[in-house]
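The next block holds one structure in the form of structure tokens; read it before the comments.
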Amino acid sequence: MAPRVIVIGAGPAGVRAAEALVEAGLRPTVIDEGRRDGGQIYRRQPEGFSRSYDTLYGTEAERAASLHQSFDSLRSRLDYLSETLVWNISANAVHTVSGTRYGTLPFDALIICSGATDRLMPVKGWHQAGTYSLGGAQVALKSQGCAIGSRIVMMGSGPLLYLVSAQYVKAGAQIAAVLDTSTFMQRIAALPRLLAIPAALKKGIALTRVLSKARVPVFRGVQPLEIKGSPQTGVSAVEAALPGGKRIEFACDAVALGYHLRPETQLADLAGCRFVFDDEAQQWLAQVDNDGRSSVKGVYLAGDGARVRGADAAERSGRLAALAVMYDHGMQTGGRKDMEGLRAELARFSRFAAGLREAFPWPAKFAATLPDETIVCRCEAITAGELRRVVCEAGAREANRAKAFSRVGMGRCQGRYCAHAGAEIIAAAACVPLSSVGRLRGQAPVKPLPVALTEEVTQ
């Protein structure tokens, strides 16, 4: 019998995984939380909107169109569940909800393409209305066709900082400044690794040219100090320090903040996958082999949800994971040579990703200097001072113990936005390595669920 294969996510990895499965004669089920396919990077605009691909995706317009066209051609040969949340995973079954309709879908193989979310470092005042993650600012532009403010500061580091800034410039938004915590010399040092993917490096340079042409001021090597504002009016200005210590301030009504991306690992956690600490990335990642197999039989991970290497790499890893599924189920697909080529390509993308981490490092040092009054967990309004108190007074040197004492990470986001920075604060306060702090354990449901139940569906 053909294996029952479920693909979670309809971004670059999920679409290419589904495509490989359909090519082999299978009919996979694709479950996506979004309204339409494309994921975050190639998020489709709502029906009725008519902005061009060049306007929406810039240098990635051709790839976005290719992905969308590929998925459109597959629709009749797969089961597509859009606007459906996978809220839990048990042994060989996923548990879903769409509106108030709950369901349980069994599987023989599960490919999790959960994508990535923003990796954030708090700054004093980031709880003010008008503060967004870079990803959130991008969603507003693509899905709602609007900017997050009339005068915006983009702050953080990494390729997404420049991508979103360029997209906003092309949309006609006013960017007050781009504040980058990385330095030019860090990029020069990372150049040998970045040359692993010359085309991607060229696209990055093109983004900086868009900002330069629009005369957007870009400052590098800055330290964010405060997002100023009030509960009544929200964000009013951003203050930062230049490398020499000089303070600068920019008036604005919105801020987009982010430092690279991190894999969305909650579903892998619920599936029982083993996690390992990655010293280079300085974060806990699900353990996978070169083809995307996790430590749990029948569960595969692909795309940025496994390793953040960009959309191009996600497409390749999605196809590779699908080929691994078929190989493991004894299907003669003739894909062995294809798998070898995909592994080699992904190795190059891994070198490039390592270069990006070197060029735009995660600013761990800022955690120790955050003022005590800085809110770390925005859901529960837990400050850096409170988190340090439970470390120093209650001896909470492990993430889940600190969570129990302080409630950090207990809000509706379950630590998606505060867990990484919270761990850095704990490590700095306890004078221990970040790896010893551990990670917050994932729990079902991964997101809030409606209480009303209309129907239980099992397939």
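Just a yes or no: is a residue in the range 262-282 modelled with pLDDT of 95 or more, in a helix (DSSP H, G or I) and over 30 Å from LEU323 (Cα atoms)? Within the range 262-282 (the criterion being modelled with pLDDT of 95 or more, in a helix (DSSP H, G or I) and over 30 Å from LEU323 (Cα atoms)), the answer is no, since none of the residues qualifies.
In summary, TYR300 fulfils each of the numbered conditions (1) touching a residue at least 40 places away in the same chain (Cβ under 8 Å); (2) open to solvent by 20 Å² or more (accessible area, probe 1.4 Å); (3) assigned to a strand (DSSP E or B) with the single exception of condition (2). Taking the criterion of being under 21 Å from GLY39 (Cα atoms), touching a helix residue (DSSP H, G or I) at 6+ places or on another chain (Cβ under 8 Å) and assigned to a strand (DSSP E or B), the residues of the range 105-121 that qualify are ILE111, ILE112, ALA116, THR117, ASP118. Of all the criteria given as (1) surrounded by 13 or more Cβ atoms within 10 Å (Cβ to Cβ); (2) on the phi > 0 side of the Ramachandran plot, the one not satisfied by ALA65 is (2). What do you reckon, is ALA321 at pLDDT 95 or above, within 20 Å of the chain's Cα centre (by Cα) and not polar (S, T, N, Q)? Answer is yes for this residue. For the range 202-215, the set of residues classified as open to solvent by less than 40 Å² (accessible area, probe 1.4 Å) and in contact with a Phe, Trp or Tyr (Cβ under 9 Å, 6 or more places away or on another chain) consists of GLY204, LEU207, VAL210, LEU211, listed by residue number.
One residue stands out in the range 68-101 among those that are small (Gly, Ala, Ser) and closer than 17 Å to GLU315 by Cα: the one that is most open to solvent (accessible area, probe 1.4 Å), namely SER73.
What single numbered condition from (1) open to solvent by 60 Å² or more (accessible area, probe 1.4 Å); (2) more than 29 Å from VAL164 (Cα to Cα); (3) not basic (Lys, Arg) fails to hold for TYR53? Here TYR53 meets the rest and fails (2).
I need the full set of residues from the range 182-194 which are in contact (Cβ under 8 Å) with a residue 24 or more places away in the chain and open to solvent by 20 Å² or more (accessible area, probe 1.4 Å), in order please. Correct list: THR183, PHE184, GLN186, ARG187, ALA189, LEU191, PRO192, ARG193. Those residues that are assigned to a loop (DSSP other than H, G, I, E, B), of a type outside the set (A, V, I, L, M, F, W, C) and over 19 Å from the mean Cα position of the chain (by Cα), I need them from the range 342-400; list them, please. Those that are assigned to a loop (DSSP other than H, G, I, E, B), of a type outside the set (A, V, I, L, M, F, W, C) and over 19 Å from the mean Cα position of the chain (by Cα): LYS365, PRO371, ASP372, GLU373, THR374, GLU380, GLU393, GLY395, ARG397, GLU398. Checked against (1) open to solvent by 10 Å² or more (accessible area, probe 1.4 Å); (2) closer than 21 Å to LEU191 by Cβ; (3) touching a residue at least 40 places away in the same chain (Cβ under 8 Å); (4) not charged (D, E, K, R), GLN282 passes all but condition (2).
The values are calculated or read from the model by the stated rules, or taken from the named source; none is laboratory data. Note that the structure is predicted; figures quoted are calculated from it, not measured. Every residue, glycine as well, gets a Cβ built from its backbone with ideal geometry; the counts of neighbours run over all protein chains shown. Accessible surface is based on the protein model in full, side chains and every heavy atom, while ligands, DNA and RNA are left aside. Shrake-Rupley method; radii C 1.70, N 1.55, O 1.52, S 1.80 Å.
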